[in-house]
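Values in this text are rule-based calculations from the coordinates and carry no lab data. None of these values were measured; they are calculated from a predicted model. With ideal geometry, Cβ positions are generated from the backbone for all residues, glycine too; neighbour counts draw on all protein chains shown.
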Ligand SMILES: C[S@@+](CC[C@H](N)C(=O)[O-])C[C@H]1O[C@@H](n2cnc3c(N)ncnc32)[C@H](O)[C@@H]1O
Ligand code: SF4
């Protein structure tokens, strides 16, 4: 929970720390559980935690609520609804509040988008990661390119605002391949895109592979060229960077990103 001293924005971040599988590049606080998760116990804990922070932040107005992960699109929409009702009981909510949920683009999760909207979510960000089959498989993702595209389309038809994430500067990636993939992404995007250069984090499978010389990462010059190409293509498409990895049409910037990165 962060209050941005520079502009008075106030937001609440809700973390769901579970995933169906662990991606080899990911060092987020995300865990795979093979036994069922006691979602109700978690819900009670979120409710208690919200009460605790509400007592410390009286009189605030909430401009951003963000469900991040892990994979919050594995949460029961009813859990999301109760958390949002609890937030509304403790604080006033801005009329133009952004309530975002991070989702993985599998068909199962896309099937829940309507229920999330009914629960109060008004924006989703989808972890597409790549629009090409081979890199997607190497990134250990559980969705296909077709499933990801379908999920983006479903999200765009249900929510007024949505975004998707891609990872670039991947092993073996060339400038021309990225130009082609990013141009395709820019045709699909409605107002916002997150474009992250792959970072190799200690404790991940990619870290060990790189240490063993088995992960042919782009060198610094190619990474720089990939970054510059990203800036050029996004700007030409009217989606300039407003933060290091986030691009939006004017007015479509994510309030969550503005709040936390400031
Ligand atoms: C909290 S994570 C993931 C949300 C969701 N579980 C998913 O995977 O789609 C948010 C985003 O961070 C990016 N990311 C995670 N690890 C990364 C890494 N090592 N390098 C670059 N981007 C990364 C991915 O694009 C991911 O979608
Ligand atoms: S990238 Fe997303 S799905 Fe993969 S382990 Fe990290 S949080 Fe989970």
Fill in the blank from the handout: In degrees, nearest 10, the alpha-carbon axis of helix 175-188 is tilted away from the dominant principal axis of the alpha carbons of the chain by 40 degrees
Fill in the blank from the handout: When 124, 108 are arranged by how many other beta-carbons sit within 10 Å of their Cβ, fewest first, they go 108, 124
Exercise for the section: Inverting the mean 1/r over all pairs of different Cα atoms, compute the Kirkwood radius of the chain and quote it in Å. Expected result: 19.4 Å
Exercise for the section: On a 0 to 90° scale, report how tilted helix 39-56 is relative to the longest principal axis of the chain, with both axes built from alpha carbons and the result rounded to the nearest 10. Expected result: 70 degrees
Handout entry: Backbone N under 17 Å from the residue 174 label point (7 Å along Cα→Cβ), restricted to the stretch 114-158
Key = 132-135
Problem - Computed over the chain: relative contact order in percent, which uses C-alpha pairs under 8 Å that are six or more apart - result: 18 percent
Problem - Cα-Cα pairs of the stretch 92-164 separated by more than 20 Å (percent) - result: 30 percent
Fill in the blank from the handout: Per-residue Cβ contact counts at 10 Å, fewest first, order 262, 141 as 262, 141
Problem - Extension gain, residue 232 back to residue 118 (0.36 nm per residue minus Cα-Cα distance, nm) - result: 37.2 nm
Completion exercise
Taking alpha-carbon centroids only, the stretch 197-252 lies from the stretch 54-97 a number of Å equal to 31 Å
Practice task
Show that you can apply the helix-only estimate: for the chain, add -39,500 (n - 2.57) for every DSSP H stretch of four or more residues, divide by all residues, and state [θ] at 222 nm to the nearest 500.
Solution key: -12500 deg cm²/dmol
Practice task
Note down the nm distance, to one decimal, between modelled labels 7 Å out along Cα→Cβ at residue 142 and at residue 49.
Solution key: 2.1 nm
Problem - R0 of 30 Å, Cβ-Cβ distance residue 211-residue 22: FRET efficiency to nearest 0.05 - result: 0.95
Practice task
Give me the angle, in degrees from 0 to 90, between the Cα long axis of helix 145-158 and the longest principal axis of the Cα atoms of the chain, rounded to the nearest 10.
Solution key: 40 degrees
Handout entry: Where labels lie 7 Å past Cα in the beta-carbon direction, separation of residue 88 and residue 13 in nm
Key = 2.5 nm
